[in-house]
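For reference, the structure is listed below as structure tokens.
Readers should treat all values here as calculations from the given coordinates under stated rules, not as data from a laboratory. Note that this is a predicted model, so its numbers are computed, not measured. When we count neighbours, we look across all protein chains shown, and the Cβ atoms used for this are built from the backbone with ideal geometry, even at glycine.
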2 protein chains.
Amino acid sequence: MSVIESCKKAKAVKYEAAALSTDQKNNILYAVANELVSSASDIIEANKKDMEKGRANGLPEGLLDRLMLDAKRIEGIAEGIRQVAALPDPIGEVSNMSRRPNGLMIGQKRVPMGVIGVIYEARPNVTADVFALCFKTGNVTILRGGKDAFESNFAIVNVIHKVLIENGLSEDICTMLTDTTHEGAALFMKQREYVDLLIPRGGAGLIRSVVENANIPVIETGTGNCHIFVDESADMDMALDIIENAKTQRIGVCNAAESLVVHENILDKFLPALEERLKKVSLFADEKAISLLKNASPASEDDFYTEYLDYKLSIKTVKNVEEAIAHINEHNTGHSESIITKSYENANKFLDGIDAACVYVNASTRFTDGFEFGFGAEIGISTQKLHARGPMGLLALTSYKYIIYGNGQIR
Amino acid sequence: MSVIESCKKAKAVKYEAAALSTDQKNNILYAVANELVSSASDIIEANKKDMEKGRANGLPEGLLDRLMLDAKRIEGIAEGIRQVAALPDPIGEVSNMSRRPNGLMIGQKRVPMGVIGVIYEARPNVTADVFALCFKTGNVTILRGGKDAFESNFAIVNVIHKVLIENGLSEDICTMLTDTTHEGAALFMKQREYVDLLIPRGGAGLIRSVVENANIPVIETGTGNCHIFVDESADMDMALDIIENAKTQRIGVCNAAESLVVHENILDKFLPALEERLKKVSLFADEKAISLLKNASPASEDDFYTEYLDYKLSIKTVKNVEEAIAHINEHNTGHSESIITKSYENANKFLDGIDAACVYVNASTRFTDGFEFGFGAEIGISTQKLHARGPMGLLALTSYKYIIYGNGQIR
């Protein structure tokens with residue numbers, strides 16, 4: 001089916017999805033979870049085709065690992081869907097209802113966004129994840145996954161369709177685009193007439209392409225050039241623990257630390273201890289810092305703009321918290337930044353001055369995550385300021401409308 | 001100065017604007033209001049040049065009227081700025097602060113959007129208005145007004161610059177683009193690197209062009225193909241009062257009614273009374289309705305999609321509330337819709353089923369307005385679902401960041 005035809009069909013069922021009760025939505029989500037587990041062998045069969053093609057095409061090991069599905073991973077996907085089913089449904093809540101002087105009662109009612117498109121890479125778990133979050137909030141989903149996961153995505157969407165149809169609903173509530181060409185993606189991004197929101201999930205290149213080309217409102221997600229500033233008064237052990245955690249606990253994630261900013265007065269004590277602690281990490285340091293390190297390379301200006309997603313860390317020396325804030329605001333991607341300090345004044349300056357989705361005092365940047373924030377789910381981490389910022393839970397997939405109760409008011 | 005240079009300079013001062021205290025911002029707004037009044041003769045002089053050029057270029061009377069400034073209108077503009085100064089400052093408020101199981105305290109802090117660009121037509125009052133709203137919320141403003149108001153806008157921005165400089169601030173906090181070509185506007189819309197939010201204020205053509213061409217996040221505003229549905233059980237007098245108000249109180253505004261949807265069972269009683277009441281209004285009616293009207297023309301499918309902004313009204317007959325909802329959702333622009341009914345069930349169906357920013361029961365659509373909603377200000381009326389929907393007050397010009405207090409937490 002053509003991209004535009006698919007988008008039209010998706011839009012045509014958006015009021016069907018929006019009208020579902022919480023019970024209906026939850027029952028269907030539990031049924032999808034169960035059906036995924038009982039169809040595991042079909043899904044694994046489909047996944048094998050993707051894996052074979054991926055190996056033949058020379059896909060890197062990391063991507064193959066993200067692509068691979070087995071019984072345990074499918075159980076994990078099903079469990080994720082059950083968790084979404086168990087969350088409170090935000091749709092229908094009315095807030096800020098108040099009475100105007102003329103007697104009109106005006107309130108905001110939480111409603112679905114409508115049709116949500118998600119463009120992502122070859123990670124079949126995202127297929128089920130995104131459907132669950134969008135469906136729970138009464139939205140229609142249009143999935144445009146990477147072509148390397150086509151068979152796996154198709155098998156998962158088949159299960160979802162089966163359950164939707166068994167429950168008397170239109171399968172178009174979960175639409176998968178079968179055109180996986182670049183032209184197809186480019187066309188999809190222009191369907192503002194049919195799609196209310198577009199979320200790219202993937203690497204920096206994918207996100208840039210969506211942001212540049214879409215005419216649909218986009219939420220930019222994911223890129224994280226996260227900093228940790230070690231202030232003069234920092235507790236050294238705490239700083240080392242946090243940096244080790246933020247840099248090395250998982251290197252490929254957007255909330256991992258990529259750059260260290262260090263107060264010049266503690267360089268000589270702190271840097272040797274840091275090097276001792278981060279043995280697996282290559283350090284790229286500025287002029288002041290490099291002389292105190294045994295194995296560091298000189299940092300270029302490029303290093304300070306780089307999200308390594310690797311065992312690499314850049315190091316910048318600053319005179320004070322103001323310089324740290326200016327350096328971070330210049331180089332960051334608006335994701336997560338942390339200060340390690342004992343100073344009340346500097347903690348507050350950092351919290352006020354840093355322009356990012358999440359600003360930490362004395363904690364690891366790795367906590368920037370929908371589950372860690374208590375949302376019970378996550379559709380991504382927004383690095384823009386419009387609509388949603390930081391980890392996005394179910395609320396980010398909703399909008400509101402004003403409802404107004406009158407009894408004949410005119411102006 | 002080139003568009004890009006202006007955008008760079010604006011971005012360079014965004015932390016200066018964000019750091020201002022509420023008192024500083026309010027004092028400057030009051031000073032701008034006073035200075036506008038005391039510079040009225042200079043502004044009127046500049047406006048005369050625009051008016052002369054406008055007349056020579058054959059600008060329609062309506063546009064000339066919106067362009068014209070006199071002492072009374074400048075006092076009105078100043079009063080608007082004072083009202084914004086008197087509003088509560090949303091910046092800095094922390095909400096939803098809660099403690100996670102690991103002891104992290106996580107809350108959302110209200111922050112400015114950053115740099116806000118506004119593209120608008122030849123209405124010099126918008127220049128002062130937009131600056132006041134953006135400045136009150138700690139944002140930098142980039143103004144791109146219509147070329148027909150260039151001299152007037154320049155004079156107003158000069159006053160703002162004078163006050164900013166007198167208060168030790170950078171004049172770039174209020175930047176006016178001097179390139180008023182179409183190419184300049186097209187270039188401006190692509191400056192995502194420097195501009196955080198773009199708001200078009202003007203006619204449907206301007207808004208469409210911004211939505212199609214911008215890579216900056218946009219809030220779509222303004223177009224209103226608003227409907228009133230007269231249900232079978234409607235109080236006829238109330239319906240006539242509301243329709244007369246919504247259609248004729250001001251015809252050129254986006255919250256004016258453009259289309260009537262009538263229950264088929266009341267056509268014969270209601271339509272003659274309507275025609276009697278709306279003597280100045282040309283009616284465009286469907287087949288069932290037209291036979292009951294003396295002077296109506298047949299409505300084409302195009303009529304039902306048209307925002308007339310004129311003494312014209314389309315009329316559609318429906319069998320029931322479900323058909324009314326479907327017709328409205330198909331033809332509306334997501335602005336404001338009203339049902340006139342005595343039925344509890346149908347009122348609720350309408351409130352649930354209509355997809356629009358503002359859904360009314362028994363009231364005029366003309367109330368869709370930031371002042372009528374009690375926001376004390378309005379930057380526009382959003383017809384999209386992302387970020388802000390309906391009348392936008394100060395909050396729509398802000399974002400939030402998560403602030404997280406830890407004491408050494410790692411994952």
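Nearest 10 degrees, 0 to 90: what angle lies between the long axis of helix A:344-353 and the longest principal axis of chain A (Cα atoms)? Between the helix axis and the principal axis of chain A, the angle is about 50 degrees. Summarising the amide proton neighbourhood of A:SER282: residues at separation of 5 or more, or on other chains, whose placed amide H is nearer than 5 Å comprise A:LYS312, A:LEU313. A straight line joining the Cα centroids of the range A:243-306 and the range A:135-152 runs 39 Å.
Loop-resident trypsin sites (Lys or Arg not before Pro) (DSSP state other than H, G, I, E or B) in the range A:262-357 with no more than 11 further Cβ atoms inside 10 Å of their Cβ: A:LYS279, A:LYS280, A:LYS294, A:LYS319. In chain A, the calculated helix contribution to ellipticity at 222 nm averages -12500 deg cm²/dmol per residue, counting -39,500 (n - 2.57) for every DSSP H run with n ≥ 4. Annotation for A:TYR30 and B:SER297: the two label points, set 7 Å from Cα along the Cα-Cβ direction, are 5.9 nm apart. In a simple Cβ point-charge model (Lys, Arg +1; Asp, Glu -1; nothing else charged), the range A:226-371 has a dipole of about 500 debye relative to its Cα centre.
Taking amide H as placed 1.01 Å from N in the peptide plane, B:GLY114 has its amide H under 5 Å from the amide H of B:VAL140, each at least 5 places away in sequence or on another chain. Given q = 0.11, 0.13, 0.21, 0.25 Å⁻¹, what are the Debye log10 I(q)/I(0) values for the range B:149-232, with equal point scatterers placed on the Cα positions and solvent ignored? For the range B:149-232 at q = 0.11, 0.13, 0.21, 0.25 Å⁻¹, log10 I(q)/I(0) is -0.45, -0.58, -1.09, -1.22. For the cross-link pairs B:LYS14/B:LYS401; A:LYS190/B:LYS14; B:LYS9/B:LYS162, the ones whose C-alpha atoms lie over 20 Å apart are A:LYS190/B:LYS14.
Under 5 Å between amide hydrogens, built in the peptide plane, is the criterion, and for B:PHE229 it picks out B:VAL261, B:SER338, B:ILE339, B:ILE340 among residues at least 5 positions away or on other chains. Annotation: the residues A:ASP237, A:ASP148, sorted from fewest to most other C-beta atoms within 10 Å of their own C-beta, follow the order A:ASP237, A:ASP148. Sorted largest first, the spans of the alpha carbon positions of the range B:300-344 along the three principal axes are 33, 18, 17 Å. Need one word for chain B: rounded, prolate or oblate. Basis is the Cα gyration tensor (sqrt eigenvalues a ≥ b ≥ c); a/c below 1.5 gives rounded, then a/b vs b/c decides. Oblate shape, in that a/c is at least 1.5 and b/c is the bigger or equal ratio.
A:TYR344 label point (Cα plus 7 Å toward Cβ) to equivalent points in the other copies: 5.7 nm, shortest first. Sorting A:CYS134, B:CYS7 from the fewest to the most surrounding beta carbons within 10 angstrom yields B:CYS7, A:CYS134. Each copy carries a label point for B:GLU276 at 7 Å from Cα along the beta-carbon vector; from one copy to the others these points are 9.7 nm apart, nearest first. A P(r) calculated from all alpha carbon pairs of the protein assembly as shown, with 10 Å bins opening at zero, reads 2, 12, 20, 23, 21, 13, 6, 2, 0, 0 percent.
If only the Cβ of Lys and Arg carry +1 and only the Cβ of Asp and Glu carry -1, the dipole of chain B around its Cα centre is close to 1420 debye. If eta is 1.306 mPa s and T is 10 °C, what Stokes-Einstein diffusion coefficient results for the range B:1-124, Kirkwood Rh from Cα pairs, in µm²/s? In µm²/s, the coefficient rounds to 87. The order of A:LYS162, B:LYS385, going from fewest to most other C-beta atoms within 10 Å of their C-beta, is A:LYS162, B:LYS385.
Gyration tensor analysis over the Cα atoms of the range B:226-371 returns equivalent ellipsoid semi-axes of 19, 17, 15 Å (largest first, whole Å).
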